[in-house]
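J.: Structure below; questions to follow.
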Amino acid sequence: MTPPPVVRRAGGWLLAAVWALSFPLFSSLGPHRLWGWCAATGYLAAAGAAALGRRRAALGAALVGAVAVPLLYLVLTGQGQSEVAVIERSGRLLLDSGRLYVDGPTRVEDYTPYLPATALLGLPRALLDGAFGPGGEWAVRLSGDARLWCAAALFGCLAAGRRLLGSAPSPLLPLLVASPVVAMPLVVSGVDLPLAGLCCLALAAAVSGRPVVAGAALAVACGLKWTALPAVAVVLAVLAAGRGPRAALRCAGTAALGTAVLVAPAVLLQPAELWRQVFAFPTGRAEVATPAGSPLPGHLLAGLGPWGWHLTVGLLVAGGLAVALSLVVRPPRTLVAAADRLAFGLTLAFLLAPAGRFGYLALPLLLVVWARSATVPGTSRVVAGSAGRGARGAAVPHRANPA
């Protein structure tokens, strides 16, 4: 027997509260603990409001407790995960010297495991530092904190993607933002949010038949983190299936050119540091061990010794080839199918990577939920050029996803 909707909603917020409370109990990081206390309070209030049938009040309580209050406090006090400081340092280095990486890093804090486009998110703080007089530090933090710009990039990309698809606002997106999966990384670090938004935008552009826009979104995504590469394969498969090889080639050319423009300066100025910090460090092959050590299968295997590291890398490559083969044999033709395929590939990569964090799994979940929120109920967004559809970017009656 299915529980009534009120019970399901209240139960969902209670589960979120339990998840949030695990951070004060088990995490040693101050920002995580603070977020856990604030979020748990908000989720408990949301559960109470949901039990009384007040859905909007429940959502508001969750957003205030899990996002607004902890984010404002952490921004004003200058606290957060180390990623925030790393992004802002990259912006300062870019502004001061045109470089992005600390030469000869000796501590974890010295490493910047991101590609050059990430520094753009740290530029606002670098530009604003010193622009205000005494007592203006709060103004600098409220307008320049990297988390705020990461969140702005996410929401801007999601809004642009919905505009390309012609989708109306959906109640699922505020729920997703209020959920622990998005709220927690948004508040404490924000670093993976722009990548998630760009992936959504690229999929929306591909499905609506805009290969150049899709390529531009992919270029920026690949300029942020190399984990965006699976999105390139999925987007090209969508375009090739729906618009033909020429559209896929236009997208690939745009993505390659844009990525080259973003990455080339670091390749020319600091090739050794680019390799050491962006590729060797995240995979556990640098002089300093990465702090990304959640007990996921790949990390556990890599911890068994050199043979374990090579085994997990082999499994990672095999999984990537399997997903690539699936894109050739059965290319996705709808937004939901494409998002699901990308989410599956990313989940597989995060699980099998030699070093990873549970937080990385927020990206696949966001892709899955956003794609469904951007699809009109009763219809399925079919890639432009596919059989069975009319005008560009049109929606057709939903059938089983050819995923």
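The values are calculated or read from the model by the stated rules, or taken from the named source; none is laboratory data. In this text the structure is predicted, and so the values were computed from the model without any measurement. Every residue, glycine as well, gets a Cβ built from its backbone with ideal geometry; the counts of neighbours run over all protein chains shown.
J.: Does at least one position in the range 141-161 carry a residue that is of a type in the set (Asp, Glu), assigned to a loop (DSSP other than H, G, I, E, B) and within 13 Å of the chain's Cα centre (by Cα)?
T.: Pass one, the range 141-161, residues of a type in the set (Asp, Glu): 145.
Narrowing further to those that are assigned to a loop (DSSP other than H, G, I, E, B): 145.
Next cut, within 13 Å of the chain's Cα centre (by Cα) only: none.
No, the range 141-161 contains no residue that is of a type in the set (Asp, Glu), assigned to a loop (DSSP other than H, G, I, E, B) and within 13 Å of the chain's Cα centre (by Cα).
J.: Of a type in the set (Val, Ile, Thr), assigned to a helix (DSSP H, G or I), at pLDDT 95 or above and in the same structural domain as ARG99 (by TED's automatic domain parsing): does that describe VAL235?
T.: Numbers: of a type in the set (Val, Ile, Thr): yes; assigned to a helix (DSSP H, G or I): yes; at pLDDT 95 or above: yes; in the same structural domain as ARG99 (by TED's automatic domain parsing): yes.
Yes, satisfied.
J.: Please go through (1) in contact with a helix residue (DSSP H, G or I) (Cβ under 6 Å, 6 or more places away or on another chain); (2) free of Cβ contacts under 8 Å to residues at least 60 places away in the same chain; (3) over 17 Å from ALA117 (Cβ atoms) for VAL238 and return the number of the only condition it doesn't satisfy.
T.: The number of the failed condition is (2).
J.: Let me ask something else. Of all residues in the range 287-315, which are farther than 24 Å from LEU29 by Cα and of a type in the set (A, V, I, L, M)?
T.: Correct list: LEU301, ALA302, LEU304, LEU311, VAL313, LEU315.
J.: Return the only residue of GLY190, GLY197, GLY209 being in contact with an Asp or Glu (Cβ under 9 Å, 6 or more places away or on another chain) and not polar (S, T, N, Q). Let's see the steps before the verdict.
T.: Details: GLY197 fails: in contact with an Asp or Glu (Cβ under 9 Å, 6 or more places away or on another chain); GLY209 fails: in contact with an Asp or Glu (Cβ under 9 Å, 6 or more places away or on another chain).
So the residue among GLY190, GLY197, GLY209 that is in contact with an Asp or Glu (Cβ under 9 Å, 6 or more places away or on another chain) and not polar (S, T, N, Q) is GLY190.
J.: Shifting gears a bit: Given (1) in contact (Cβ under 8 Å) with a residue 40 or more places away in the chain; (2) out of contact with any helix residue (DSSP H, G or I) (no Cβ under 8 Å at 6 or more places or on another chain), identify the lone condition not met by PRO105.
T.: Unmet condition: (2).
J.: Being within 28 Å of THR112 (Cβ to Cβ) and in contact with a Phe, Trp or Tyr (Cβ under 7 Å, 6 or more places away or on another chain) narrows it down to one of TRP13, TRP35, so name that one. Talk me through it step by step, then tell me what you get.
T.: Working: TRP13 fails: within 28 Å of THR112 (Cβ to Cβ).
Result: TRP35 is the single residue among TRP13, TRP35 that is within 28 Å of THR112 (Cβ to Cβ) and in contact with a Phe, Trp or Tyr (Cβ under 7 Å, 6 or more places away or on another chain).
J.: Report every pair of residues separated by at least 6 positions or lying on different chains whose Cβ atoms are under 7 Å apart, first residue within the range 23-49 and of a type in the set (Val, Ile, Thr), second crowded, with 21+ Cβ neighbours inside 10 Å.
T.: THR41/GLY65
J.: Mind checking which pairs have a first residue in the range 256-270 that is assigned by TED's automatic domain parsing to the domain that holds LEU93 and touching a residue at least 24 places away in the same chain (Cβ under 8 Å) and a second that is among the hydroxyl-bearing types (Ser, Thr, Tyr) and surrounded by 19 or more Cβ atoms within 10 Å (Cβ to Cβ), Cβ under 8 Å, 6 or more apart or different chains?
T.: That search, which allows pairs on different chains as well, returns ALA266/TYR101; GLN270/TYR101.
J.: Against the condition touching a Leu at 6+ places or on another chain (Cβ under 6 Å), surrounded by fewer than 23 Cβ atoms within 10 Å (Cβ to Cβ) and either in a loop (DSSP other than H, G, I, E, B) or not assigned by TED's automatic domain parsing to the domain that holds ALA39 (or both), how does VAL213 come out, does it pass? Outline the logic, then answer.
T.: Details: touching a Leu at 6+ places or on another chain (Cβ under 6 Å): no; surrounded by fewer than 23 Cβ atoms within 10 Å (Cβ to Cβ): yes; either in a loop (DSSP other than H, G, I, E, B) or not assigned by TED's automatic domain parsing to the domain that holds ALA39 (or both): yes.
Considered against the rule, which asks whether it is touching a Leu at 6+ places or on another chain (Cβ under 6 Å), surrounded by fewer than 23 Cβ atoms within 10 Å (Cβ to Cβ) and either in a loop (DSSP other than H, G, I, E, B) or not assigned by TED's automatic domain parsing to the domain that holds ALA39 (or both), VAL213 comes out as no.
The rows are residues; the columns are (1) more than 25 Å from ALA152 (Cβ to Cβ); (2) in a helix (DSSP H, G or I); (3) at pLDDT below 95.
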site: LEU25; (1), (2), (3): yes, yes, yes
site: PRO31; (1), (2), (3): no, yes, yes
site: TRP37; (1), (2), (3): yes, yes, no
site: GLY53; (1), (2), (3): yes, no, yes
site: LEU63; (1), (2), (3): no, yes, no
site: VAL67; (1), (2), (3): no, yes, no
site: LEU76; (1), (2), (3): no, yes, yes
